[in-house]
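Please read the structure below before turning to the comments.
The values are calculated or read from the model by the stated rules, or taken from the named source; none is laboratory data. Bear in mind that the values here come from a model prediction, so they are computed numbers and not experimental data. For neighbour counting, all protein chains shown are included, and Cβ atoms are generated from backbone atoms with ideal geometry for every residue, glycine included. Side chains included, ligands, DNA and RNA excluded: accessible areas come from the protein's heavy atoms. Shrake-Rupley method; radii C 1.70, N 1.55, O 1.52, S 1.80 Å.
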Amino acid sequence: MAPFGFATAGTIRFGRGLRSEAAPWALARGRRILVVRSASVAAADDLVRALSGGAAVEVVTARGEPDLPGLTALCADARAFGPDLIVAIGGGAVLDTGKALAALIPAPHGALRYLEVVGEGRPLDAPPLPLLAIPTTAGTGTEVTRNAVIGIPEAGRKVSLRDARLYPALALIDPELAALCPRPVALASGLDAVVQVIEPFVSRRATPMTDALCRDAIPRGLSALRHVVEGRDAWDDMTLTSLMGGLALANAGLGAVHGLAGVIGGLTGAAHGAICGAALVPILRANRSALPEGGEGRARIDWVIDRITEVYGGLDGLQAWARDQGLPRLSDLGVTAANRAHIAQEARHSSSYAANPVDLGEAALIAALEQG
């Protein structure tokens, strides 16, 4: 057996009603608390009130996915406040904003020193601030990863700020919060969660521990996705799938779907989960065709397709169901005949693509973009 490691958040707490633990935990560890929140999450109002009874609190309302100009401005204001703890409550973009601020507020240099692809990709020069992460959607799993995804408008890319010390001190996952999200968000974030347990399972960096997580989470998530989008309560399973995806991807990597998503999202501003959902089926097909019959990689893809078939009747069934529920095509998200080659070229250089089970090549990626 090849050597492997496993790292995650300092502590994970999962269960309905556990959001009530957030304020006592934070007040025991900080006296100047920066709260990064979504505007639409009512639970954030309750949390801010509870924290304000025992600490100085500054509130940042994160709107949309974080980008470098916005983060630079937020950092300047936050440094003036001088937080000793960050609490982030919201969807994946909110948690990424919180993680990025935790990293950059104490950092002595500008963000480009630490960013991958467009920057120097160096480790942080100072330890990040401790972070409490409370997701309110079931999708990204960023509450248990060591990177924050940041848009770079001038480069038309989304890249990661990554450091081994950027795992949150506490990830607090309450399925009741995700159950309140609108149906389109449930669809896009749920598809993202499903992709994030499939890609680590077929990744060339998969380990026995990530396999154990993904073998449970893939059928669990495929079934839960259908239930929650169609209005039935399977939020415990959906949020658990998202959590398992975060644990798996942080330790086994992702693949071509996320390689494409980082480029498309930076280029067009389209929602990350929608991109991943639209790209999943064509990339599964491309990977299966490129992997040798009889090999382990092909067997893993076939196992995933069998699980999809059990719930949706096959790859075509999953794609048709998602579109019937309102998932846009990649062409609706800004992918055109004119930019497909550029997207494919850039995706092959991304950190996510590096873990794909096989190098698909530019032509196969362009074909996948046409089919998505």
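Just a few scattered comments:
- Based on the Kirkwood approach, the hydrodynamic radius assigned to segment 1-155 is 16.1 Å, with every pair of different Cα atoms included.
- Pairwise alpha-carbon distances in segment 150-241 exceed 22 Å for 43% of all pairs.
- Accessible surface, the chain, averaged per residue in Å² (probe 1.4 Å): 38 Å²
- A simple rule links phi to the HN-Hα coupling: the Karplus curve 6.51 cos²θ - 1.76 cosθ + 1.60 with θ = phi - 60°, which for segment 359-372 gives 7, 6, x, 5, 5, 5, 5, 4, 4, 5, 5, 5, 8, x Hz, with x for Gly and Pro.
- For segment 277-372, the relative contact order comes to 44 percent (Cα pairs under 8 Å, sequence separation of at least 6).
- Residue-averaged 222 nm ellipticity for the chain, from DSSP H runs of 4+ at -39500 (n - 2.57), nearest 500: -16000 deg cm²/dmol
- At an R0 of 22 angstrom, the distance between the Cβ atoms of His349 and Glu120 translates into a FRET efficiency of 0.90.
- For the chain: relative contact order, % (alpha-carbon pairs under 8 angstrom, 6 or more apart): 16 percent
- Dividing the alpha-carbon radius of gyration of segment 226-372 by the rule-of-thumb value 2.2 N^0.38 Å gives 1.03.
- With θ taken as phi - 60° and the Karplus curve 6.51 cos²θ - 1.76 cosθ + 1.60 applied, the whole-hertz 3J(HN,Hα) list for segment 76-91 is 4, 5, 5, 4, 5, 6, x, x, 10, 7, 10, 10, 10, 9, x, x Hz, x standing for glycine and proline.
- Protein accessible area in segment 152-217, 1.4 Å probe - carbon and sulfur %: 59 percent
- Signed unit charges on C-beta, dipole axis of segment 91-234, positive-most listed residue Leu180, Ala138, Val197: Val197
- Under 12 Å, Cβ to Cβ, from Arg157 - net charge with Lys/Arg +1 and Asp/Glu -1: -3
- Percent carbon-and-sulfur accessible area, segment 1-115, ignoring ligands, DNA and RNA, probe 1.4 Å: 53 percent
- Only protein heavy atoms count here; under a 1.4 Å probe, His272 has an accessible surface of about 40 Å².
- For the chain, the fraction of alpha-carbon pairs in successive 10 Å shells from zero, as %: 5, 26, 35, 24, 8, 1, 0
- Peptides 88-97, 325-334 ordered by packing proxy, namely the average of other Cβ atoms within 10 Å per residue, highest first: 88-97, 325-334.
- Measuring between their Cα centroids, segment 1-68 and segment 99-125 lie 21 Å from each other.
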